Amino acid sequence: MIHSSAEMNFPRTVSASAGPGSGERRVQERLGLRCPMLLFRNSDTEPVRAATVNISSKGIYWVSEIPFAPLERLRCMIFITPDGFRASARQICLDCQVEVVRMEHIAAGFGTGARIRRYVLSATGNGNHPQKEDDPGSV
């Protein structure tokens, strides 16, 4: 049986701090979620490795070692791993087109916020995700 969110009494996704005079720009609630991701620029052949910090239905915030400029458009692949998240051995890949809205220099590198323009959600093979170059077993 399929239920609508109204029938299930799910809470709205509007942040409690969002609203006039609150200073909060985001309308959608964010979910703290750390996942490996790959970012692709049109001009680069090699992807940039990064990790999500939080995500909403409208945007993503990630940390990477490379800065991105506001208004830059990228393709990103976020690998939502099964460890502690799903009973399946398969991972979920969120393949998106994003537009950078802000970037800040932080202790861990560069924090980047982007608006999701389009996305496709798909299940992938065996749960393997991109490894950092210094990880054992990376190629």
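FYI, it's all coordinate maths here, none of it is from the lab. Bear in mind the structure is a predicted one, so any value in this text is a computation, not a measurement. Note: ideal-geometry Cβ built from the backbone for every residue, glycine included; neighbour counts use all protein chains shown.
Observations on the structure shown:
- Across region 34-43, rounded Karplus estimates of 3J(HN,Hα) from the backbone phi angles (6.51 cos²θ - 1.76 cosθ + 1.60, θ = phi - 60°) give 9, 9, x, 8, 10, 10, 10, 9, 4, 8 Hz, Gly and Pro being marked x.
- Relative contact order computed over region 26-123 (Cα-Cα under 8 Å; 6+ residues apart), in percent: 26
- A cut-off under 13 angstrom between Cβ atoms defines the neighbours of residue 110, and their net charge, with Lys, Arg +1 and Asp, Glu -1, is -1.
- Note on region 34-85: Rg/Rh from C-alpha atoms, Kirkwood Rh, equals 0.97.
- Here region 26-123 has an Rg and Dmax of 13.0, 38 Å, counting Cα atoms alone.
- Estimated FRET transfer efficiency when R0 is 35 angstrom, pair residue 123-residue 102 (beta carbons, to 0.05): 0.65
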